[in-house]
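Working notes, beginning with the structure itself.
Throughout, read-outs are computed from the coordinates displayed, never taken from laboratory work. This one's a predicted model, so the numbers in the text were calculated from it and none came from an experiment. Methodologically, a virtual Cβ is constructed for each residue, glycine included, from the backbone with ideal geometry; neighbour enumeration extends over all protein chains shown.
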Amino acid sequence: MRIKSFAIAALALAITGSPCLSASGDMKNLDVDLSKVTRDNFYDLVVPAAKAEGSVTMYNFAGSFADTWNELIKRFESKYGIKVNYSDVNGDQANQQLIAVQAAGEDSPVDVYFAGGGGYPLLSSKGVVGNIALTKILPNMANYNPDLAETVFGKQHGGTFPLVHLNQTAIGYDSAFVKPGDVPRTFDELLAWAEKNPKRLGVTLPAKGGSGSGFIYSVALNYLTGDCRKELTDYSKTLQQAEDWAIETECLDPVWDYYRRLFKVAELTNGNADTLNLINNQQLYMGTVWEDQVMSFLGTKQLPDTFRLTLLEKGQVGSGDAMFVPANAKHVAAALLLIDMAMSKEFQTWKLEHKASRSPRIDINSDLIPRNVQEHVLPSSVYPRLSLPAFWDMAMAISEALEEKVLNQ
């Protein structure tokens, strides 16, 4: 630690006009005075401190993203010469580890955590999320979507827990079997198509996959209006409050009616991958899907090249995952630098092309990727126009109520 401190002190003296490097707030190992860091001087102040730290540790909760982060790490280490110690983790276990470490007042074992976007309420309530307004100081977040800059799924985070990956639920179909004029445009048309083509539409059971729980919340958003819609989208509700409302309210009767008809003609699948596998085997022609998972399946030839995506009018929910610096991380400057590169236009475009991973940057869209790849992502005519914010606690509550209101009847 003494060698590190000496190196940083020397760097501070060498840079004319540089601020004193100090620790502050809940980041006791912070070597940069963030009150003096701006987007304009970010690299001047942070790069020397990051190189003095020499390494950074990263956790990834999403196994399907390992190759994505390996690409980022390769670029980061090549540019800065800073070693990245990387681990794939189980998100729930990693969350509990960080909560325990924070409660014990110990240094965090990780400096950058790619975590599920829905984890913010728990992690922030336990003091795990470092108090650094990333969206306000990272140069590569200058073009960050202002609607996402300080909130995640309706929860205020002040820039500390920014999404770096957006994903989108959708309706996927094999265009070899579904003619362009028959592609449903609305939820009513989807139900009509399913009734005309029984057991050719796959609906992921909400309890078995996010495309299913996302779909049921999208159905609710489509049919509920007025005070019922206000209750549906009240992000201040806790999970328990959402569960109580979903099981007691009459507002959701149109959703139960929709699912009663749908379940008579649709194939209920046991997961997101199950839906795609059934489409690949031509047992289904259409189903509820995730856009980014579709790209992964196409890349491994587990879906036909004729597979296409669309969104239904009034919208379907999108989600996302975040990168943040845990409180008491040991290599804060390097962590800031790694998250900044993850948000660069070059890397975010690469991520969109190779993973159908949407970007919270407002200057990135599918026009930037090759035409043959554009065929397999949501067309610009529907995305982002028909992308709606997820409310996963409410989606979970409605999914649980579905068991009693429809499935068990």
Checked the stretch 313-367 against the a/c 1.5 cut and the a/b vs b/c comparison, axes a ≥ b ≥ c from its Cα gyration tensor; verdict oblate
Straight distance only, please: which lysines reach the Cα of K179 with their own Cα at less than 23 Å, same-chain residues fewer than 8 apart left out?
-> K196, K199, K301, K314
Rounded, prolate or oblate: pick one for the stretch 295-409, where a ≥ b ≥ c are the square roots of the eigenvalues of its C-alpha gyration tensor, a/c under 1.5 means rounded, and failing that, prolate if a/b is larger than b/c, else oblate.
-> oblate
If amide H atoms are built 1.01 Å from N in the plane of the peptide, which residues on other chains or at least 5 residues away come under 5 Å of the amide H of G320?
-> G117, N167
Cα centroids of the stretch 89-138 and the stretch 260-333: how far apart, whole angstrom?
-> 26 Å
Under the Karplus relation with 6.51, -1.76 and 1.60 and θ = phi - 60°, whole-Hz ³J(HN,Hα) for the stretch 196-203, x at Gly and Pro, equal 7, 10, x, 6, 10, 9, x, 10
Among (1) 1.07; (2) 1.01; (3) 0.96, the entry matching Rg/Rh (Cα atoms, Kirkwood Rh) as calculated here is (2)
Determine ³J(HN,Hα), in whole Hz, for all residues of the stretch 107-116 in sequence, where each value follows from phi through the Karplus function 6.51 cos²θ - 1.76 cosθ + 1.60 and θ = phi - 60°; x replaces Gly and Pro.
-> 5, 5, x, 9, 9, 10, 10, 8, 10, x
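Name the shape class, rounded, prolate or oblate, that the alpha-carbon gyration tensor gives for the stretch 187-261, where a ≥ b ≥ c are the square roots of its eigenvalues, rounded holds for a/c under 1.5, and otherwise prolate holds if a/b is larger than b/c and oblate otherwise. Write down the numbers at each step before the final one.
On the way: a/c = 2.45, a/b = 1.71, b/c = 1.43.
Prolate is the answer for the stretch 187-261, as a/c is 1.5 or above and a/b outweighs b/c.
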In terms of the charge dipole of the chain, which places +1 on Lys and Arg and -1 on Asp and Glu at the beta carbon, the residue among Y113, V128, T288 farthest towards the positive end is Y113
Residue-averaged [θ]222 nm for the chain, counting only DSSP H segments that reach four residues, each worth -39500 (n - 2.57) | -12500 deg cm²/dmol
Relative contact order (%) - the chain, alpha-carbon pairs under 8 angstrom, separation at least six | 26 percent
For the chain, the longest principal axis of the Cα atoms and the Cα long axis of helix 2-14 enclose an angle in degrees, to the nearest 10, of 80 degrees
Among I362, I99, I82, the residue with the largest mean-square fluctuation in a Gaussian network model of the chain built from Cα contacts under 10 Å is I362
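So for each of 42-50, 369-377 I average, over its residues, the number of other beta carbons within 10 Å; can you give me the resulting order with the highest mean first? Could you put the intermediate results ahead of the total?
On the way: 42-50: 20.2, 369-377: 14.7.
Ranked from most to least packed, the peptides come out as 42-50, 369-377.
Within the stretch 227-311, list the trypsin sites (Lys or Arg not before Pro) lying in a DSSP loop whose Cβ has at most 14 other Cβ atoms in a 10 Å radius. Intermediate results must be reported in sequence, preceding the final value.
Numbers: sites: R229, K230, K237, R260, R261, K264, K301, R308; in loops: K237, K301.
For trypsin sites (Lys or Arg not before Pro) across the stretch 227-311 that sit outside H, G, I, E and B with at most 14 neighbouring Cβ atoms in 10 Å, the list reads K301.
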State which entries of K83/K351; K264/K355; K51/K355; K208/K230 exceed 25 angstrom in Cα-Cα distance in the structure shown.
-> K264/K355; K51/K355; K208/K230
Can you find, among L72, F177, V101, the residue farthest towards the positive end of the dipole of the chain? Put +1 on the C-beta of Lys and Arg, -1 on that of Asp and Glu.
-> L72
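Taking the Cα centre of the chain as the origin, how large is its charge dipole in debye, to the nearest 20, when only Lys and Arg (+1) and Asp and Glu (-1) carry charge on their Cβ atoms? Could the numbers behind the result be given before it?
On the way: 37 positive and 47 negative charges, 185 e Å.
Here the size comes out at about 880 debye.
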Excluding A273 itself, calculate the net charge of residues whose Cβ lies under 15 Å from the Cβ of A273, where each Lys or Arg counts +1 and each Asp or Glu counts -1.
-> -2
Which whole-Hz ³J(HN,Hα) couplings does the stretch 339-356 yield from phi under the Karplus relation 6.51 cos²θ - 1.76 cosθ + 1.60, θ = phi - 60°, glycine and proline marked x?
-> 5, 4, 5, 4, 9, 5, 4, 4, 6, 5, 5, 4, 5, 5, 5, 9, 10, 6
Specify the residue with the greatest mean-square fluctuation among Y113, Y86, Y173, computed from a Gaussian network of the chain linking alpha-carbon atoms under 10 Å apart.
-> Y86
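With charges set only on the Cβ (+1 for Lys and Arg, -1 for Asp and Glu), what does the dipole of the stretch 234-283 come to about its Cα centre, in debye to the nearest 20?
Details: 4 positive and 9 negative charges, 61 e Å.
Using Cβ point charges on Lys, Arg, Asp and Glu, the stretch 234-283 gives about 300 debye.
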